[in-house]
Amino acid sequence: MENERLINRKNKEKARGLLKSYYGIQEQPKVKKVPRNPSDINSLAFDSNQYIKKVKKEYNMKALLRENNKLSSETKQLDSEMKGLIYDNYRKFINANDSIQNMRKEIDNIDTEMNNLFDKVKNITKTSSEINNSLETSREKIHKLNSINLLLKKLQFILELPARLSHCIDQNPPQYSQAVFYYSKTEKLLKKYKDISGFSKIDEECQEIMKEISKKIKINDTAKPMKESSVNVGLLIGLHFPPIQIYKEYSSYALIRLKEILDENQIKESTDESNEEQLKKINTLNEKFLNELNIFIVSYTNYFLEKDKKALSNVLYYANLNDEERMEANKKLKDVVNELCNRYLSIINRSIQTSQKVK
């Protein structure tokens, strides 16, 4: 039985320890009990009657006088220390009171300044509101005048448009791109007000000039570089030429133009040339053919195949093709590129075979 009690006690203590550890409860250290001594003058349990009885029994007259002098001296010292503490605390109290009074005065001054500031802000707000109300009419007038000024500038630009277009044609070389840009920016406005006599005449003049310009914009001149033809494609799109006709004509031009470059830089099967000379010809072919082919593919894609028009930040004009038309345009591009690349690779292959014979 005794063993079972011990085991149960240990188990309970162990469980209590685990719970305290889990909840983070720390055991407080046990305070040792100090025995109470009624005759100890420095103890809380001091009893003056018992102390006197003890002193009478244990001390003689000299010892009593000596103890009396000691107690008197300690009493005076404690009294002096008490007075010092009272004086220091009183001085601190006076200082604290002075600080509180100063803070109160400063707070009163801050309140006064805040009230003055609030009054000034109210006056400023009132004045600002009065000025704003007085300028409201002027602001509306300025806005109307600004709108009228912008409209007059547009009208002036439209009135000067035929002269601007003619000036673009008369430049050397002619500035067809600038002319198409001018016309495309004002075309909608001209169509909108074409019923007005003055606008209808300007529209007719501009159309005649743009017809003349469109006849001079060519994309099938194989003597012109690919970059110039790609710019002309964009101009024709900006002039609303049929996009299907344009991409067919552009792809045909590119096929002929790039075939001519391949034929002009054909590497002959001759053993008279060294490998360095043949390598130089290949570099020339790459520079001419690949650069022109890259211009064609990029411009063709931007004009006819790109769906995300926001991505065309540097393209002013692009064709609005539906999905079926876009698929046909893409097929046309693939056919042209495949034919050109096969021809190009055939030339490179022949060049490699020739260089091996030279070795």
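The values are calculated or read from the model by the stated rules, or taken from the named source; none is laboratory data. Just so we're clear, the structure is a prediction, and the values are computed from it rather than from any experiment. Ideal geometry is used to build each Cβ from the backbone, glycine not excepted, and the neighbour counts take in all protein chains shown. The protein model used for the area step is the full one, side chains on, heavy atoms only, and it has no ligands, DNA or RNA in it. Shrake-Rupley method; radii C 1.70, N 1.55, O 1.52, S 1.80 Å.
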Inspect the stretch 111-120 for any residue being among the β-branched types (V, I, T) and surrounded by 11 or more Cβ atoms within 10 Å (Cβ to Cβ) and give the result as yes or no. no
For a quick check of your reading of the model, give me the residue pairs whose first member lies in the stretch 144-168 and is within 12 Å of Y183 (Cα to Cα), whose second is in a helix (DSSP H, G or I) and of a type in the set (G, A, S), with beta-carbon atoms closer than 7 Å and at least 6 apart or on different chains. L165/A179; C168/A179
Mind checking whether some residue in the stretch 201-209 is more than 17 Å from P173 (Cβ to Cβ), loosely packed, with under 13 Cβ neighbours inside 10 Å and β-branched (V, I, T)? no
Sort out which residues of the stretch 168-194 are over 17 Å from F241 (Cα atoms), in a helix (DSSP H, G or I) and out of contact with any helix residue (DSSP H, G or I) (no Cβ under 9 Å at 6 or more places or on another chain), and write them in order of number. D170
Go through (1) in a loop (DSSP other than H, G, I, E, B); (2) surrounded by fewer than 13 Cβ atoms within 10 Å (Cβ to Cβ) one by one and return the number of the condition D263 breaks. (1)
Would you confirm whether any residue within the stretch 132-145 is assigned to a helix (DSSP H, G or I), in contact with an Asp or Glu (Cβ under 6 Å, 6 or more places away or on another chain), over 25 Å from K218 (Cβ atoms) and open to solvent by less than 70 Å² (accessible area, probe 1.4 Å)? no
Any residue in the stretch 276-297 that's within 20 Å of K332 (Cβ to Cβ): show its pairings with residues that are among the polar types (S, T, N, Q) at Cβ separation under 8 Å, as long as the two are six or more apart or on different chains. F289/N265; I295/S230; F296/S230
Across the stretch 311-330, the tally of residues that are surrounded by 10 or more Cβ atoms within 10 Å (Cβ to Cβ) and either within 30 Å of N283 (Cα to Cα) or of a type in the set (D, E, K, R) (or both) stands at 4
Which of the numbered conditions does P173 fail, given that it passes all the others? Conditions: (1) closer than 30 Å to S230 by Cβ; (2) surrounded by 12 or more Cβ atoms within 10 Å (Cβ to Cβ). (2)
Conditions (1) under 17 Å from F181 (Cα atoms); (2) out of contact with any helix residue (DSSP H, G or I) (no Cβ under 7 Å at 6 or more places or on another chain); (3) not polar (S, T, N, Q); number of the one not met by L235: (2)
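Collect the residues in the stretch 238-250 that are open to solvent by 20 Å² or more (accessible area, probe 1.4 Å) and either in contact (Cβ under 8 Å) with a residue 60 or more places away in the chain or under 38 Å from the mean Cα position of the chain (by Cα) (or both), keeping them in residue-number order. First the steps, then the outcome.
Restricting attention to the stretch 238-250, the residues satisfying the condition of being open to solvent by 20 Å² or more (accessible area, probe 1.4 Å) are 239-245, 248-249.
Scanning the stretch 238-250 gives P243, I244, K248.
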Just to be sure I understand the filter: pairs with C-beta atoms under 7 Å, separated by 6 or more residues or on different chains, first member in the stretch 188-210 and among the aromatic types (F, W, Y), second member assigned to a helix (DSSP H, G or I). Which pairs pass? Y193/F199; F199/L190
